[in-house]
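Visitor: First, the structure itself, so that you have it in front of you.
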Amino acid sequence: MESAVFSLGDNLAHPKTGELLTEADRHRQLIRYSVWASESGFDAVHIGEHHFNDYMLSSPPVVLSAIGERVPDLILSTAVTLVPTLDPVRTAEDYSTLDNLFPGRVEIVTGRGNFFSRSYPAFGLDVHDAREIFEEKLELLQILLDQENVSWSGKFRPSLTDITIRPRPTGDIPMWIGAGSQESALLAAKLGCRLMLPSVFGHPKMFVPIVEQYKEAWVQAGRNADDIVIGSCCHAFVGSDQADMRERFVPRYGHYWNFVDQLISDNTGGKVQMPFDLESFLAGPAVAGSAQECVDRMGEMHELLGHDRQLFMFDLGGVSDNELEETVRRFGEEVLPHLPE
C-alpha cells in the first residue's frame, strides 16, 4: 500500500497554548511537513483546496511547486481540486506546468466541494447545478490534457475553437474523483479515473458499497480490473501509547472537528451537522494511538476497502512544528513498515 501525508490547510490556534501561525508561516509549515514525510518514507503528499474560510489553502499547484523543489521523490497531488469553481483551461495549464517542472510526479484529485456551497455564488455559480457543472468541466479538463486543437461547446463555459493548452503534459497525469456517492463512483469508472474515498467523514464500512459499485462499473465499462486504484484518507496521530494520544491529540482533534462541524453547518444552513464523538471517531475516520494500534487499524481498514493508497492528515487543529515532526517521523519508523501490502 502506498502512503501519503495530506493537508486541508486548517489554520487554527493550538487549543492549549493558543499559538496561532500566520498564514505565511502555516504555508511554510506545509513545506517542512512534506520534507519530514519524504525523509520518513511516505510516497506522496496531497494538498487541499478551499475558499473563503480558515482552510487557508486556495492554490494547490503553487504550494505543490514549492514542495516539489524541496523533495525529489514524493508524488505531488491535490487532496481536492475544486473543478466546478475553476476554469478547465486554466486548470489544465496549471497542472500541466507543474508536470513539466516535476515530470511523472503530478496527480489531480477532483471534487465538487458541495459541503462548502457558499463558494459557488462567489464564483458566479449555482450550487444546485454542482453535479452537472462538475461532470462537464471534468470531462473538458481531461480532453484539454489529452488532446490538442480542441473544439468544444457546453453549458457552463464559453465554447472553445481549436485550442491547445501549453505547456503540453509530459505524459499522462493520473486523475482521481473524490466519491462519497454512487453517482460519483459511477462517473469515476466511466471516465477511467481513480477513486478517492472521503473517509474522513465516517467509518470505513460506510464506503464499502461505493467501492463495490465502482469496481463493478469499471469492469462493465470494459476496463481491466487490474488497473483499479482506490484511495482512502484519515486523521492520524501516533504517540508512545493510548494515554499519550489522548493527552496530546484528542484536544486538537476535538478543536479541529468543532471547526469543521460549524463550517459545514454554516454552508448548509444547518441541514448537515457532524458533532464530535471521540469514541466513534477513533473507531472510524481516525488512525490514532500507539504504533501497534495504528497498524491494527490500518489492517482493519484495508480488509474493508482493499485500497491502494492511504492518506494521513497529521497537521490538524493547530499542531506545533515539534509535535508534527515527531508524529510524522514516528509513524514512518514504527507504522509504515507494517502497512498491508
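Visitor: What are the pairs with Cβ atoms under 6 angstrom where one residue, in the range 141-168, is touching a residue at least 60 places away in the same chain (Cβ under 8 Å) and the other, located anywhere, is surrounded by 15 or more Cβ atoms within 10 Å (Cβ to Cβ) and of a type in the set (Gly, Ala, Ser)? Sequence gap at least six, or different chains.
Guide: Ile165/Ala92; Pro167/Ser96
Visitor: Continuing with this model, one more query. Could you grab the pairs with beta carbons closer than 7 Å, sequence gap of 6+ or different chains, first residue in the range 220-234 and free of Cβ contacts under 8 Å to residues at least 24 places away in the same chain, second one surrounded by fewer than 21 Cβ atoms within 10 Å (Cβ to Cβ) and of a type in the set (A, V, I, L, M)?
Guide: Going by the 7 Å Cβ cut-off, the qualifying pairs are Ala225/Val219.
Visitor: Mind listing just one residue for me: the one in the range 253-277 that is assigned to a helix (DSSP H, G or I) and in contact with a Gly (Cβ under 7 Å, 6 or more places away or on another chain) and, of those, surrounded by the fewest Cβ atoms within 10 Å (Cβ to Cβ)?
Guide: Among them, the one singled out is His255.
Visitor: Failed condition for Pro121, given (1) closer than 18 Å to Thr81 by Cβ; (2) assigned to a helix (DSSP H, G or I); (3) out of contact with any Phe, Trp or Tyr (no Cβ under 8 Å at 6 or more places or on another chain), with all others met?
Guide: Single failed check for Pro121: (1).
Visitor: Here's a follow-up. Pull up the range 278-292, narrow it to residues that are without any contact (Cβ under 8 Å) to a residue 60 or more places away in the chain and part of a helix (DSSP H, G or I), then point me to the one that is surrounded by the fewest Cβ atoms within 10 Å (Cβ to Cβ). Explain how you work it out, then say what you get.
Guide: Applying the first criterion (without any contact (Cβ under 8 Å) to a residue 60 or more places away in the chain) to the range 278-292 yields 278-279, 281-282, 286-292.
When the remaining residues are screened for being part of a helix (DSSP H, G or I), the result is 278-279, 281-282, 291-292.
On the way: Leu278: 13, Glu279: 7, Phe281: 20, Leu282: 21, Ala291: 18, Gln292: 13.
Here the answer is Glu279.
Visitor: How about the range 50-71: which of its residues are within 15 Å of the chain's Cα centre (by Cα) and either assigned to a helix (DSSP H, G or I) or without any contact (Cβ under 8 Å) to a residue 40 or more places away in the chain (or both)?
Guide: Ser58, Ser59, Pro60, Pro61, Val63, Leu64
Visitor: Among Pro103, Pro84, which is the only one that is touching a residue at least 40 places away in the same chain (Cβ under 8 Å), farther than 22 Å from Gly332 by Cα and assigned to a loop (DSSP other than H, G, I, E, B)? Explain how you work it out, then say what you get.
Guide: Working: Pro84 fails: assigned to a loop (DSSP other than H, G, I, E, B).
Of the residues listed, the single one that is touching a residue at least 40 places away in the same chain (Cβ under 8 Å), farther than 22 Å from Gly332 by Cα and assigned to a loop (DSSP other than H, G, I, E, B) is Pro103.
Visitor: Could you list, in sequence order, all residues of the range 243-252 that are crowded, with 16+ Cβ neighbours inside 10 Å and more than 30 Å from Arg118 (Cα to Cα)?
Guide: We begin by selecting, within the range 243-252, every residue crowded, with 16+ Cβ neighbours inside 10 Å; these are 245-246, 248-250, 252.
Answer for the range 243-252, where residues must be crowded, with 16+ Cβ neighbours inside 10 Å and more than 30 Å from Arg118 (Cα to Cα): Met245, Arg246, Arg248, Phe249.
Visitor: Counting only residues that are crowded, with 17+ Cβ neighbours inside 10 Å and assigned to a helix (DSSP H, G or I), how many does the range 1-30 have?
Guide: Qualifying residue count, the range 1-30: 4.
Visitor: Out of the range 20-45, which residues are of a type in the set (Asp, Glu) and under 16 Å from the mean Cα position of the chain (by Cα)?
Guide: Of the range 20-45, the ones of a type in the set (Asp, Glu) are 23, 25, 39, 43.
The one that is of a type in the set (Asp, Glu) and under 16 Å from the mean Cα position of the chain (by Cα): Asp43.
Visitor: Residues of the range 148-198 being within 22 Å of Val211 (Cα to Cα) and hydroxyl-bearing (Ser, Thr, Tyr), which ones?
Guide: Within the range 148-198, Ser181, Ser184 qualify.
Visitor: Kindly indicate the residue of the range 39-67 that is buried (at least 20 other Cβ atoms within 10 Å of the Cβ) and of a type in the set (Gly, Ala, Ser) and also nearest to Asn100 (Cα to Cα) among those meeting that condition.
Guide: Ala44
Read-outs: derived from the displayed coordinates by stated rules, not from any lab. Computed from a predicted structure; not experimentally measured. Glycine gets a Cβ as well: all are built from the backbone with ideal geometry, and neighbour counts include every protein chain shown.
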